[in-house]
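The values are calculated or read from the model by the stated rules, or taken from the named source; none is laboratory data. These numbers come from a predicted model, not from an experiment. As a convention, Cβ positions derive from the backbone with ideal geometry for all residues, glycine included, and neighbour counts pool all protein chains shown. Note: accessible area is taken over every heavy atom of the protein model, side chains too, but ligands, DNA and RNA are not part of it. Shrake-Rupley method; radii C 1.70, N 1.55, O 1.52, S 1.80 Å.
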Protein chains: 2
Amino acid sequence: MSKAVVNVGIIGFGTVGSGTARIILQNGALIEKRTGKKIILKRIADLDIVRDRGVAVPPGVLTTDAYEIINDPSIDVVVELVGGIQPAKKFMLDALKQGKHVVTANKALLATKGHEIFKEAEAQGKSVGFEAAVAGGIPIIKVMREGLVANNILSIYGIINGTSNYILTRMTREGAPFEKVLEDAQDLGYAENDPTWDIEGIDTAHKLTLLASLSYGIPLSFDRIYKEGITAITPEDIAYASELGYKIKLLAIAKVVNSEIELRVHPTMLPEDSLISKVDDVLNAVYVIGDAVGETMYYGRGAGDMPTGSAVVSDIIDIASRGKGRCCSFLSAGPCGYTIKDSLDIETMYYFRFTVLDRPGVLSKISGVLGAHNISISAVIQKERREGEAVPLVVLTHRAKERDIVNAVKEIDTLPVIAAKTRFIRVEGKE
Amino acid sequence: MSKAVVNVGIIGFGTVGSGTARIILQNGALIEKRTGKKIILKRIADLDIVRDRGVAVPPGVLTTDAYEIINDPSIDVVVELVGGIQPAKKFMLDALKQGKHVVTANKALLATKGHEIFKEAEAQGKSVGFEAAVAGGIPIIKVMREGLVANNILSIYGIINGTSNYILTRMTREGAPFEKVLEDAQDLGYAENDPTWDIEGIDTAHKLTLLASLSYGIPLSFDRIYKEGITAITPEDIAYASELGYKIKLLAIAKVVNSEIELRVHPTMLPEDSLISKVDDVLNAVYVIGDAVGETMYYGRGAGDMPTGSAVVSDIIDIASRGKGRCCSFLSAGPCGYTIKDSLDIETMYYFRFTVLDRPGVLSKISGVLGAHNISISAVIQKERREGEAVPLVVLTHRAKERDIVNAVKEIDTLPVIAAKTRFIRVEGKE
């Protein structure tokens, strides 16, 4: 739209809404000096306009009615920070229909209902900015769309859920069990009361959906992503991983193999000398390999009022600078020639933890089944010896097919020497 | 300019020129699908148009005359990849005068003569893209200018010279002396025949000049940057650093303290558990702290045909998408209110390696001088005992003023117990 003044209305005065308002009020003059664009915070809508957010909002800005923003003809950009599916979706569609650009941090909505929203934006010739929806303050959307525009993206590995990373980091440092660390995380406000989306990989998959569409020109494919969370990870697995030279992280993975794309979210063993494995606590990072640029990584805070607000404001300035720029063009890029791989067809390395009765010949039996399924072993750890009792047997494999792994485990778990369900974790990086 | 077709001429068919040409030819269709912009590689000028660069350039594209590009009315963007000051500067100014946008990787030219070039660009209403001039394939210019536009930049710590990082990494891994690793680096093509600019911090300072102007709205200030290279770093210093929990990296530092900016390039001891200290070999990284976003880091290859070409092509697409966008606006941002700090006024922590005659009372004498200069000690290593012989005495300080450090060293180096010139290295990160 390329106007010197951009009038903004924020719907949702929660964490990110407060951060966004604070940045506009505190850094507005700096932003104007840098870009020539003056952001006017015209209205903020929230059901609760009484609670003190620690932001000195000018009088008359607050309203309880989102439609005072959506229907205000002077407002150029509507910032949707309500979260959830409804009424957020209706707010966004109505704002677009009123000829407004939209900026949002709502990954769940875009990942699952994005087609409707981007279609309306196309129809109206307006932008939907969603820098804040993936990896918070890290400008990864801009990087993928513009900075690496010249690259075929070969692969993406993202630590993009701060809650899971915090839990795994503390489990790794302290050897503490999942449940205990989750409780602590909830007490500290790092995990929500219902943490399902964070710990089951749903939130990570929402973000991967957006990154993958952007990078590969494919439709939003949330349903096609393989999703596995961190709830089954044990301190024991973390300790064995460490012994083998790995750390366990919840990763979003997109990887091109020939003209097929693997899209998966699962706990992953990463070589502990890799840079991304050192991204700990609530921090996020996205490791991207492009055919021209080679390996790159982008690191920072994936959540929080000010980091996420930083991304929201950069979207506002982008829209003010170029109007309908490249903010949603990826959806109209047309067919890309990529298909999404069935998750059973992926190939990677695997870590197994078998729980076996300590009898002679157990390893030979298990390795026999693995071999029959074309799975070859690269390392074994079998330490404790308690004749006749259940002990862990840890096996690391060379590259193998997921389908073979699943079938082998099915077969192995019926063996009389197996005392508990076999656990496996995918391994990336070496080989 | 917002045209669907952008005609490009490249001046300089060396490493980066070849990479840029290869990317345009190989990934042009992908880029067009993503952005709607078709890049036409119209001409490439080089004195040598015979040597095979492994790029299948269409017939008629090559010329030995740069002015066949500069004066070609059909060409929209001139990519200057000649390097050096002249004739690169004349090419760029003439191209701007001919109404063309310019893209360049020439940090030395921009850092030292940039005002003339950006002034001409302003006068012509054209852009000068220089993403490729800093940290190669890492889109750090875009990140600083656009991604973090909402932030006061509190500090920047950059490993932005691959040659120095390679040398320090190998010295650290192998305990090898500087001279030997430099020779290896030259044999491997990681260091030039005349490596002065890389190892003396000049190249790093060129890049810091651009980052600082961009981030703080200050004039290009190459001459005001404190510059110290890595030639005096010894394996002994690296070993002591490691014993104290630090790694030594050549850093570009910009840091705001009140309304003053520190701008400095020097070998720096960094906590070995910090993410940036793990950036090894020829890789680059820029660690940026913004007041809203908090800590962020950007990592990748700082040189090479394809990574740098990736940055050049992203600049071309940016120009094609928005014409005179924000590509050189930072120079017209006006007075910023920042002044550059005298390097003697900086405050940080310091590592000293004194070479002392091993006599009783040495430590007390040296710590006495330090104390008299308001320098307090946080750690001491004194191991070898060879009565009457010269031995190292290593001291780590708390925060101190550079001026006090310099004065203290001057005084200490006159003491009869000092057997060789005292070495010191600045320390960042802890405390």
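Tabulated data for the structure shown
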{"item": "Test result for residue A:17, under 20 Å from residue A:107 (Cα atoms) and in a strand (DSSP E or B)", "result": "no"}
{"item": "So residue B:135, is it away from chain A (no Cβ under 14 Å), among the hydrophobic types (A, V, I, L, M, F, W, C) and out of contact with any helix residue (DSSP H, G or I) (no Cβ under 6 Å at 6 or more places or on another chain)", "result": "no"}
{"item": "Enumeration of residues in segment B:234-260 that are farther than 21 Å from residue B:274 by Cα, at pLDDT 95 or above and part of a loop (DSSP other than H, G, I, E, B)", "result": "B:234"}
{"item": "Count of residues meeting criterion [of a type in the set (D, E, K, R) and closer than 25 Å to residue B:308 by Cα] in segment B:162-182", "result": "1"}
{"item": "Selection count where residues are surrounded by 18 or more Cβ atoms within 10 Å (Cβ to Cβ), in a loop (DSSP other than H, G, I, E, B) and modelled with pLDDT of 95 or more, scope segment A:174-195", "result": "1"}
{"item": "Subset of segment A:201-225 (residues that are of a type in the set (D, E, K, R) and either at pLDDT below 95 or buried (at least 18 other Cβ atoms within 10 Å of the Cβ) (or both))", "result": "A:203, A:207, A:224"}
{"item": "Residues within segment A:2-14 that are assigned to a loop (DSSP other than H, G, I, E, B), among the hydrophobic types (A, V, I, L, M, F, W, C) and more than 17 Å from residue A:56 (Cβ to Cβ), tallied", "result": "1"}
{"item": "Lone unmet requirement of (1) open to solvent by less than 10 Å² (accessible area, probe 1.4 Å); (2) touching a Phe, Trp or Tyr at 6+ places or on another chain (Cβ under 6 Å) for residue B:171", "result": "(2)"}
{"item": "Within segment B:339-360, tally of residues that are assigned to a loop (DSSP other than H, G, I, E, B), surrounded by fewer than 16 Cβ atoms within 10 Å (Cβ to Cβ) and touching a residue at least 12 places away in the same chain (Cβ under 8 Å)", "result": "1"}
{"item": "Hits in segment B:319-338 (condition: part of a loop (DSSP other than H, G, I, E, B) and either open to solvent by 50 Å² or more (accessible area, probe 1.4 Å) or modelled with pLDDT of 95 or more (or both))", "result": "B:324, B:335, B:337, B:338"}
{"item": "Check on residue B:141, open to solvent by less than 10 Å² (accessible area, probe 1.4 Å) and under 30 Å from residue B:247 (Cα atoms)", "result": "yes"}
{"item": "Qualifying residue in segment A:41-60 (condition: open to solvent by less than 60 Å² (accessible area, probe 1.4 Å), part of a helix (DSSP H, G or I) and closer than 20 Å to residue A:321 by Cβ)", "result": "no"}
{"item": "Some residue of segment B:233-242 being more than 14 Å from chain A (Cβ to nearest Cβ), polar (S, T, N, Q) and in contact with an Asp or Glu (Cβ under 8 Å, 6 or more places away or on another chain)", "result": "yes"}
{"item": "Sole residue being within 14 Å of chain B (Cβ to nearest Cβ) and under 18 Å from the mean Cα position of the chain (by Cα), chosen from A:147, A:114, A:129, A:84", "result": "A:129"}
{"item": "Any hit, segment A:68-81, residues being touching a Gly at 6+ places or on another chain (Cβ under 6 Å), in a loop (DSSP other than H, G, I, E, B) and open to solvent by 60 Å² or more (accessible area, probe 1.4 Å)", "result": "no"}
{"item": "So residue A:241, is it open to solvent by less than 10 Å² (accessible area, probe 1.4 Å), within 23 Å of residue A:106 (Cα to Cα), of a type in the set (A, V, I, L, M) and not assigned by TED's automatic domain parsing to the domain that holds residue A:398", "result": "no"}
{"item": "Subset of segment A:209-233 [touching a strand residue (DSSP E or B) at 6+ places or on another chain (Cβ under 9 Å), over 21 Å from residue A:427 (Cα atoms), part of a loop (DSSP other than H, G, I, E, B) and of a type outside the set (Ser, Thr, Tyr)]", "result": "A:218"}
{"item": "Failed item, numbered, when residue A:119 is tested on (1) open to solvent by 10 Å² or more (accessible area, probe 1.4 Å); (2) in contact (Cβ under 8 Å) with a residue 24 or more places away in the chain; (3) in a loop (DSSP other than H, G, I, E, B)", "result": "(3)"}
{"item": "Positions within segment A:41-82 being in contact with a helix residue (DSSP H, G or I) (Cβ under 8 Å, 6 or more places away or on another chain), at pLDDT 95 or above and small (Gly, Ala, Ser), in sequence order", "result": "A:45, A:66"}
{"item": "Number of positions in segment A:264-275 that are in a strand (DSSP E or B) and either more than 19 Å from residue A:198 (Cβ to Cβ) or at pLDDT below 95 (or both)", "result": "3"}
{"item": "Residue, most open to solvent (accessible area, probe 1.4 Å), within segment B:304-318, restricted to residues that are facing another protein chain (nearest Cβ under 7 Å) and of a type in the set (A, V, I, L, M)", "result": "B:306"}
{"item": "Members of segment B:276-303 found to be of a type in the set (Gly, Ala, Ser), part of a helix (DSSP H, G or I) and facing another protein chain (nearest Cβ under 8 Å), listed by number", "result": "none"}
{"item": "Search result, residues across segment B:102-116 that are out of contact with any strand residue (DSSP E or B) (no Cβ under 6 Å at 6 or more places or on another chain) and over 17 Å from residue B:139 (Cα atoms)", "result": "B:108, B:109, B:110, B:111, B:112, B:113, B:114, B:115, B:116"}
{"item": "Residues of segment A:409-420 that turn out to be assigned to a loop (DSSP other than H, G, I, E, B) and open to solvent by 70 Å² or more (accessible area, probe 1.4 Å), as a count", "result": "2"}
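To keep it simple, each residue is scored yes or no on (1) at pLDDT below 95; (2) open to solvent by 70 Å² or more (accessible area, probe 1.4 Å); (3) assigned to a strand (DSSP E or B).
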residue: B:366; (1), (2), (3): no, no, no
residue: B:375; (1), (2), (3): no, no, no
residue: B:383; (1), (2), (3): yes, yes, no
residue: B:394; (1), (2), (3): no, no, yes
residue: B:407; (1), (2), (3): no, no, no
residue: B:422; (1), (2), (3): no, no, yes
residue: B:426; (1), (2), (3): no, no, yes
residue: B:430; (1), (2), (3): yes, yes, no
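Condition check ((1) touching a residue at least 60 places away in the same chain (Cβ under 8 Å); (2) closer than 24 Å to residue A:118 by Cα) across all residues:
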| position | (1), (2) |
| --- | --- |
| A:209 | yes, yes |
| A:213 | yes, yes |
| A:227 | no, no |
| A:258 | no, no |
| A:265 | yes, no |
